């Protein structure tokens, strides 16, 4: 992704502002309010209360202010902690807190600009327009208002619509932004400026960068402090994500996997462009969720019984001999089960 792409809803505070955030008396006073024991650190529960104040400030003057009573969703807490306190599992110090608050202030400004009807949430039309202005252009249609662009925006938004009400609230928007930051940064860090197409080996490098960038999310999700948050389920939060320790046996994606992904999303080309990469990432999240649902023993691979159950659930029940034939075709390491990237190869060809 070229640097000019990352603007609009994906823009961040400039470097000078980042350096000054820890000198802000407003952030220092806010931190002191929630650091009740004066330890110089706040835990995830205290952070939860701090974010409640942030959300209230966002929704002041909108219809949400009338009935809002809940803090940020626990998934957003997880993402913020992973982004700004990746190496301090369990606690957040003032420098991390200040940078987090500055990031949220920036997102508050962006959210207000997108929320043109001042309802306190984002409609599909508002999100589609924001994605277009941010450089995300699926079809090249002027204005980004074509049916496909709207459908893609709705699909992306639906993945973060925790309360399933058809719109994105501020904390749902924050989660979208935090996750897609990882995908876009992985592209920007490994694709040379001005290049908009990548080949299989480059795609593997980008996917590996995605997994590394999401590892703190996995680490925080499994930390004991998170279990104290009401309704927090680590497996639900991690269901669609790619991170290095997501399975019991770490392994890189195979080159064949990248080749088949490019066949599926590259529109006949031997490479994929930035927009195709984004659509691919959305599809990969869906496949990870399907794989986790089938992997009932959480071994990180799909045995034949799990494989048969997954096929039956998809409406394609097959006799065992046919299942074995399909599995053997993709079981490249002859382990007797399907690893995740082998599963991706199968799904890419079946859904091509």
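Values computed for the structure shown
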| quantity | calculated |
| --- | --- |
| Which listed residue is out of contact with any strand residue (DSSP E or B) (no Cβ under 6 Å at 6 or more places or on another chain), at pLDDT below 80 and in a helix (DSSP H, G or I), from 112, 98, 153 | 153 |
| Test: residue in the stretch 134-143 that is at pLDDT 85 or above, closer than 20 Å to residue 9 by Cα and outside any helix (DSSP H, G or I) | no |
| Search result, residues across the stretch 174-216 that are under 17 Å from residue 276 (Cα atoms) and touching a strand residue (DSSP E or B) at 6+ places or on another chain (Cβ under 9 Å) | 187, 190, 191, 196, 197, 198, 199, 203, 205, 206 |
| Yes/no for residue 61 being at pLDDT 80 or above, more than 24 Å from residue 178 (Cα to Cα) and part of a loop (DSSP other than H, G, I, E, B) | no |
| Only one of 267, 252 that is surrounded by fewer than 20 Cβ atoms within 10 Å (Cβ to Cβ), part of a loop (DSSP other than H, G, I, E, B) and on the phi > 0 side of the Ramachandran plot | 267 |
| Yes/no for residue 307 being crowded, with 20+ Cβ neighbours inside 10 Å, over 20 Å from the mean Cα position of the chain (by Cα), over 27 Å from residue 215 (Cβ atoms) and touching a residue at least 12 places away in the same chain (Cβ under 8 Å) | yes |
| In the stretch 69-88, residue modelled with the lowest pLDDT [restricted to those that are within 25 Å of the chain's Cα centre (by Cα) and assigned to a loop (DSSP other than H, G, I, E, B)] | 70 |
| Subset tally (residues that are under 20 Å from residue 35 (Cβ atoms) and within 21 Å of the chain's Cα centre (by Cα)) for the stretch 98-129 | 7 |
| Residue that is surrounded by 20 or more Cβ atoms within 10 Å (Cβ to Cβ) and either assigned to a loop (DSSP other than H, G, I, E, B) or modelled with pLDDT of 95 or more (or both), where the choices are 203, 184, 178 | 203 |
| Residue check for residue 258: free of Cβ contacts under 8 Å to residues at least 24 places away in the same chain and touching a helix residue (DSSP H, G or I) at 6+ places or on another chain (Cβ under 6 Å) | no |
| So residue 158, is it out of contact with any helix residue (DSSP H, G or I) (no Cβ under 8 Å at 6 or more places or on another chain), surrounded by fewer than 16 Cβ atoms within 10 Å (Cβ to Cβ) and modelled with pLDDT of 85 or more | no |
| Residues of the stretch 300-325 that turn out to be under 27 Å from residue 206 (Cβ atoms) and in a loop (DSSP other than H, G, I, E, B), as a count | 2 |
| Test for residue 236: is it out of contact with any strand residue (DSSP E or B) (no Cβ under 8 Å at 6 or more places or on another chain) and more than 29 Å from residue 124 (Cβ to Cβ) | no |
| Failed item, numbered, when residue 1 is tested on (1) buried (at least 21 other Cβ atoms within 10 Å of the Cβ); (2) over 26 Å from residue 164 (Cβ atoms); (3) at pLDDT below 85; (4) in contact with a strand residue (DSSP E or B) (Cβ under 8 Å, 6 or more places away or on another chain) | (4) |
| Within the stretch 31-44, tally of residues that are surrounded by fewer than 18 Cβ atoms within 10 Å (Cβ to Cβ) and in a helix (DSSP H, G or I) | 2 |
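The values are calculated or read from the model by the stated rules, or taken from the named source; none is laboratory data. Only a predicted model underlies this, so the values are computations on that prediction, with no experimental measurement involved. So basically every Cβ, Gly included, is an ideal-geometry build from the backbone, and we count neighbours across all protein chains shown.
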